[in-house]
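> Structure incoming, see below.
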Amino acid sequence: MARTMVFLVGEQPLPNLLPAKHLRPDAGILVHTDRTGRIARNLKSLLEPGIPSELLGVDPYDLASIESRLLDRLANLAPNGEVVLNLTGGTKPMAMAGLEVARQQNLPFIYFQTEGNRSRLYSYQFIESRVTLLRAEDVPETITLDDYLRLYLGNYEFGEPRNAFEGNVAEALRADSRLAEVKTSVRPHGLGALEIDFAVRRGNQVGIGEVKTSGAKAGIDQINAVTHPEYLGTYVTKFLVSGKAIDPNNKELAKAYRLETIELHGQGESGVLSSEDRKRLVDLVVQRLSPLRDRP
């Protein structure tokens, strides 16, 4: 029996991609607005060919219109097929309309938790007109770093570190088995000279970092430009790695932007990291990419 998943696509599509890769439906319907059309197209390219998906545009705030569009589309699906709604993304009216459709059609629906670096999936259904939690499960490692970057950025390229310090930071990260992937010098297409010094993945969590010999404000501005919600999203963890002590004012600015600062004081002119610096760097990155419940 064919199973179709309906996705409400918002500005942060990760809660759409992870459940799809975990549950593996036979087909997808990507419900999007004019504002999230690009994101829906990125998501479609990642789901296919394994999960053939179609785009369904809706008004972001007209609840009745959204509900009508969903009901009309579901009415045209093959009879006896299964449908599950992912209500995690989209606008609040989209979620409300999706919930009402689930109630009317007695369809199962899911919500995906990302807060606290969790990947937890909640499955629900209306039973005797009441929302009932059927199960909650942690989603195992499901995506690659390439999946995440393509989902948010579309096309991109990556290359070698630009200097010895960046190279040694990347080498230290790659050498630790707790981190699954590291890419360096990531350059999104169509965004001018914007570049990410490194991107790293642990499980389903992704971090990106700027590496500077000194933690100047320019580094903070660069990393905030690339992690704007329009680009890499709100779920990415941001790191500023500095070869010198960071000015207190810049440290406060970084904190305000929820940017993790890592000061590596032992590196010399060659950019070589001391054993203490390597440990400090890797331990902090691993800690920040771990679920809150697993942190010391």
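The values are calculated or read from the model by the stated rules, or taken from the named source; none is laboratory data. Keep in mind the model is a prediction, meaning the values are calculated, not measured. Please note: Cβ atoms are built from the backbone with ideal geometry, for glycine as well, and neighbour counts cover all protein chains shown. We work out accessible area using only protein heavy atoms, side chains counted, and drop any ligands, DNA or RNA first. Shrake-Rupley method; radii C 1.70, N 1.55, O 1.52, S 1.80 Å.
> Considering only the chain, what is the antiparallel percent among its DSSP beta bridges, to the nearest 5?
Taking every DSSP beta bridge within the chain, about 45 percent pair in antiparallel fashion.
> Moving to a separate point now. Could you sort out which of LYS183/LYS244; LYS44/LYS183; LYS92/LYS255; LYS183/LYS238 sit more than 21 Å apart by Cα distance in this structure?
Violating the 21 Å Cα-Cα cut-off are LYS183/LYS244; LYS44/LYS183; LYS92/LYS255.
> For GLU11 paired with ALA245, estimate the spin-label separation in nm (one decimal), with each label point 7 Å from Cα along the Cα-to-Cβ line.
3.8 nm
> Could I ask something else about it? Need the full-extension length gain, GLU252 to TYR122, defined as separation in residues times 0.36 nm minus the C-alpha distance. One decimal, nm.
43.1 nm
> Looking only at the stretch 1-153, where both bridge partners belong to it, what percent of the DSSP beta bridges are antiparallel (to the nearest 5)?
DSSP beta bridges in the stretch 1-153 are roughly 45 percent antiparallel.
> Give me the number: length gained by fully extending ARG35 to ALA193, i.e. 0.36 nm times residue separation minus the C-alpha to C-alpha distance, one decimal in nm.
In short, 54.5 nm is gained.
> What fraction of the DSSP beta bridges in the stretch 145-211 is antiparallel, stated in percent and rounded to the nearest 5?
Within the stretch 145-211, antiparallel bridges account for around 100 percent of the total.
> In the Gaussian network model of the chain, springs joining C-alpha atoms below 10 Å, which of THR142, THR33, THR132 carries the largest mean-square fluctuation?
Of THR142, THR33, THR132, the most mobile in the Gaussian network model is THR132.
> Let me ask another. How much of the accessible area of the chain, in percent, comes from carbon and sulfur atoms when a 1.4 Å probe is used?
With neighbouring chains kept in place, the figure for the chain is 48 percent.
> For the stretch 1-149, what does the alpha-carbon gyration tensor say about shape, rounded, prolate or oblate, given a ≥ b ≥ c as the root eigenvalues, a/c under 1.5 as rounded, and a/b over b/c as prolate?
rounded
> Counting only heavy atoms of the protein chains, get the accessible area per residue of the chain (1.4 Å probe) and round it to a whole Å² value.
Heavy-atom SASA per residue in the chain reads 47 Å².
> Could I ask something else about it? Would you look at the GNM of the chain, springs on alpha carbons closer than 10 Å, and say which of ALA175, ALA254, ALA102 moves the most?
Result for the chain, Cα springs under 10 Å: ALA175 fluctuates most.
> Run the numbers on the stretch 1-150 and let me know its relative contact order in percent, using alpha-carbon pairs under 8 Å that are six or more apart.
Contact order relative to length: 23 percent.
> Which residue, ARG41, ARG130, ARG187, tops the fluctuation ranking in a GNM of the chain built on C-alpha contacts under 10 Å?
Result: ARG130 has the largest fluctuation of those listed.
> Give the distance, in whole Å, between the Cα centre of the stretch 1-61 and the Cα centre of the stretch 152-170.
The distance from the Cα centre of the stretch 1-61 to that of the stretch 152-170 comes to 29 Å.
> Across the stretch 128-135, in residue order, what do the Karplus-derived ³J(HN,Hα) couplings come to in whole Hz, using 6.51 cos²θ - 1.76 cosθ + 1.60 with θ = phi - 60° and x for Gly and Pro?
Karplus-based 3J(HN,Hα) across the stretch 128-135 equals 6, 6, 10, 5, 10, 6, 7, 6 Hz.
> Continuing with the same structure: Please report, largest first and rounded to whole Å, the three semi-axes of the ellipsoid equivalent to the chain, where each semi-axis is the square root of five times an eigenvalue of the C-alpha gyration tensor.
Output for the chain: semi-axes of 40, 18, 17 Å.
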